[in-house]
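The values are calculated or read from the model by the stated rules, or taken from the named source; none is laboratory data. On a predicted model such as this, the values are computed, not experimentally measured, just so you know. Here the Cβ positions follow ideal geometry from the backbone for every residue, glycine too, while neighbour counts run over all protein chains shown. Ligands, DNA and RNA are excluded from the accessible area calculation, which covers all protein heavy atoms including side chains. Shrake-Rupley method; radii C 1.70, N 1.55, O 1.52, S 1.80 Å.
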Amino acid sequence: GCFEALYGLVETYSDSGHIWWYKKTDYVKDVTGTYINRNHFAGLMEMGLLLAAAYSAALFNGRRKTRVISDSKTLLRAGISRFLSEEQISNKRLLIVFAGAIMGIGLVFSASRGGIIAAAGSMLCMSLFFISRRDHRRKGLIILLIFFTTAVYAINIGIEYTANRFKSFDVSLDIRKRYAQKTINMFHDYRLVGIGVGNFKYAYAKYQAHEDKEIFLRHAHNDWVQFLAEAGIIGMALLLAGISYHLYRTIKLWKRRTDPFVVCLGVMPLAVMIAMAIHSCSDFNLHIPANFLMLVAIMAIGHSALHLKRHRGKDKRLYRNHVFPLKYKGILVLLMVLGLIIWTGMWTIRHFVAEACCDTIGNATLNRDQKPSLGEIRKAIEWDSWNAHYRYKKAWELVRIRDAGCRPQDAENWTHDRQDCQEEIIRALEEAVRLNPFEARYHIRLGWEYLSMRERPDYYRKWLPAADVSMERAAYFAGDRIPQQHVRMGHYWIYRSKITDPGSLAWPVAWEKALRHYRKAQGLQGRKALTDSIAKFVWMFYPDVELIGALTKQKP
């Protein structure tokens with residue numbers, strides 16, 4: 001935690017502005033350590049700050065009662081040993097308080113309002129827990145010491161920038177409320193089991209507010225609401241039941257313990273859960289693996305401390321033991337547990353290897369190749385066949401090969417002709433849609449590929465209706481987010497109207513759909529370049545100034 005804070009302070013205030021070798025483009029004025037996002041850095045700082053406060057408080061009562069021994073030499077050795085031990089504990093306590101102050105400074109200069117509020121709220125709750133125990137009320141002094149040390153350093157450095165961010169707090173709060181409300185609307189359509197954990201970024205486009213038209217949201221900036229939409233009532237009920245049970249057991253055991261070391265570290269699970277619960281109302285810290293693992297580690301420290309008992313100079317652990325004899329049922333239980341660990345671990349490794357072959361998760365600091373070869377994409381699919389984006393990338397690479405009329409460099413026995421390549425493109429896109437039907441761009445590309453099957457004898461009976469269905473699905477999921485998607489759908493319906501009998505009822509329907517998508521795109525991105533591209537495409541099929549003016553809202 002100290003390293004992250006000091007590294008971030010040096011990079012920010014030396015005008016270097018790097019995260020290792022990556023030049024920061026966002027949050028340039030904010031301390032972020034090795035994180036890109038200041039709010040995720042703040043999440044780490046608040047957990048480290050709480051752990052420092054609890055640990056230094058645990059060292060506050062470092063003295064142990066010693067027996068009075070009559071032998072003078074033994075008494076002298078015991079006195080020297082006790083003096084050195086007390087000095088060591090005092091130095092360690094001073095070091096931990098200093099570390100907490102450094103992390104507090106890092107938190108303040110991250111300028112994360114949610115992180116600062118969460119840390120303040122959780123430290124207040126921690127102090128209230130100490131106050132509730134008569135023999136531990138002095139521990140609140142440790143928290144105050146860390147707080148005032150942080151404040152003194154922060155004021156000397158200058159906190160105007162952080163303070164100014166709180167002046168616009170109401171604006172940011174309104175924006176996050178809008179995100180949360182739209183997510184609630186999503187929940188209303190999938191109440192019982194939700195849309196599926198991890199599907200928020202795909203399904204949210206349909207519900208996104210017009211005010212956020214140029215924003216791509218991967219998270220709702222409120223983990224509580226997002227989890228409710230993703231897991232539904234059943235998932236949220238299970239989550240709250242688990243949290244409630246854990247809190248009940250932890251508080252019950254914490255009240256029974258009297259050892260100062262145990263009481264101070266045992267409050268950690270409660271404090272960090274409160275911090276994350278508050279911060280999760282405005283951000284998505286638990287989606288960041290480093291912060292989630294840190295939360296688990298700190299809760300494990302607190303859990304271990306609550307089960308620790310000092311006895312005759314040694315530490316005994318009061319864990320409840322479960323004995324399974326390695327016969328029949330015991331072997332069965334052991335095999336089930338090991339099987340679960342191996343199964344989940346293998347899927348994690350498989351996904352990791354697949355991402356090494358074909359990157360689908362944007363990470364600016366790693367600077368990965370976003371256009372892998374066809375061979376690399378196929379390796380990724382072999383390792384992780386459940387990722388729809390691999391199929392989509394495969395389809396696009398095949399489109400490039402088909403349009404270029406060339407053989408891929410890493411395919412030794414490439415015997416595909418154009419028709420075979422087209423069929424493989426369609427199979428890849430159909431698989432992508434099957435794995436993830438929420439993604440509008442999969443449907444758009446699939447619709448255009450269906451439209452390209454003009455040489456087939458069943459074109460008007462099978463492929464053309466399938467293309468229309470794909471575009472209808474794309475329109476359903478596209479929402480008010482990406483103008484280029486609406487442009488491509490508008491282009492489709494223009495082309496569709498051209499191959500339709502002008503006297504049929506289908507012609508005005510296709511024309512009206514094209515008009516609607518073009519208007520939507522112009523509303524989302526009102527730039528002249530967009531209008532010009534629409535006009536150029538329409539002119540290829542309808543070289544009529546009046547028609548183009550009606551589509552693009554331009555005067556003839």
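Using a 1.4 Å probe on the protein chains only, how many percent of the accessible area of the chain belongs to carbon and sulfur? Mind dumping the intermediate values first?
On the way: 19130 of 31110 Å².
On the chain, the fraction of accessible area on carbon and sulfur atoms equals 61 percent.
Please identify the DSSP H helices in the chain that span no less than 15 Å along the helix axis (Cα) and have a mean Kyte-Doolittle hydropathy of -0.5 or more. Before the final figure, lay out each step's value.
Numbers: long enough: 2-13 (16 Å, 0.68); 38-58 (30 Å, 0.71); 72-109 (55 Å, 0.75); 113-131 (27 Å, 1.64); 140-157 (26 Å, 2.26); 169-189 (31 Å, -0.67); 223-256 (38 Å, 0.57); 268-279 (16 Å, 1.94); 289-306 (26 Å, 1.61); 329-357 (42 Å, 1.48); 388-404 (25 Å, -1.01); 418-435 (26 Å, -0.62); 440-451 (17 Å, -0.48); 464-478 (21 Å, 0.43); 483-498 (23 Å, -1.38); 506-524 (27 Å, -0.69); 528-541 (21 Å, 0.71).
Membrane-span-like by this rule: 2-13, 38-58, 72-109, 113-131, 140-157, 223-256, 268-279, 289-306, 329-357, 440-451, 464-478, 528-541.
In nm, what is the difference between 0.36 nm times the number of residues separating Asp259 and Arg350 and their Cα-Cα distance? Can you show the working numbers first?
Numbers: separation 91, 0.36 × 91 = 32.76 nm, distance 4.59 nm.
So the extension gain works out to 28.2 nm.
Given C-alpha coordinates of the chain, what is the ratio Rg to Rh with the Kirkwood estimate of Rh? Show your work: numbers first, answer last.
Working: Rg = 30.6 Å, Rh = 28.3 Å.
Looking at the chain, the ratio lands at 1.08.
Where in segment 16-40 does the amide nitrogen come within less than 16 Å of the point 7 Å from the Cα of Val10, taken along Cα to Cβ?
The answer is 16-22, 31-35, whose backbone nitrogens lie closer than 16 Å to the label point.
What number in nm² do you get for segment 421-460 if you take the convex hull of its Cα atoms and divide its surface by four?
Working: hull surface 11.5 nm².
Computing the convex hull of the Cα atoms and averaging its projections yields 2.9 nm².
Take the Cα pairs of segment 482-531, get the Kirkwood Rh, then feed it into Stokes-Einstein at 37 °C and 0.692 mPa s and tell me D in µm²/s.
Approximately 300 µm²/s, per Stokes-Einstein.
Please compute the modelled spin-label separation between Ala404 and Cys2, points set 7 Å along Cα→Cβ, answer in nm with one decimal.
My value for the distance between the label points is 5.3 nm.
Take segment 174-232, drop everything but the C-alpha atoms, weight them equally and run the Debye formula without solvent; then report log10 I(q)/I(0) at 0.13, 0.20, 0.22 Å⁻¹ to two decimals.
Summing over Cα pairs of segment 174-232 leads to -0.26, -0.62, -0.75.
Would you calculate the separation in nanometres between label points at Ile331 and Tyr161, each defined as 7 Å from the Cα along the Cα-to-beta-carbon direction?
6.5
Do any of Lys201/Lys394; Lys182/Lys536; Lys167/Lys206 go past 27 Å between their Cα atoms, and which?
On the way: Lys201/Lys394 21 Å; Lys182/Lys536 36 Å; Lys167/Lys206 32 Å.
Violating the 27 Å Cα-Cα cut-off are Lys182/Lys536; Lys167/Lys206.
Work out the length of the dipole vector of the chain about its Cα centre, built from +1 on the beta-carbon of each Lys and Arg and -1 on the beta-carbon of each Asp and Glu, and round it to the nearest 20 debye.
Values: 78 positive and 50 negative charges, 594 e Å.
Using only the charged Cβ atoms, the result is roughly 2860 debye.
Running Debye on segment 99-149 with equal point scatterers at the Cα sites and no solvent, what base-10 log of I(q)/I(0) appears at q = 0.14, 0.16 Å⁻¹?
Listed by q, the Debye log ratios stand at -0.38, -0.49.
State the dimensionless ratio Rg/Rh of segment 121-274 (Rg: radius of gyration of Cα atoms; Rh: Kirkwood radius). The partial results should precede the final answer.
Working: Rg = 20.8 Å, Rh = 19.0 Å.
With Rg and the Kirkwood Rh in hand, the quotient comes to 1.09.
Using a Förster radius of 45 Å, what is the FRET efficiency between Ile184 and Phe541 based on their Cβ-Cβ separation? Nearest 0.05, please. Don't jump to the answer; show the numbers that get you there.
Working: r = 43 Å, r/R0 = 0.95.
That gives a FRET efficiency of 0.55.
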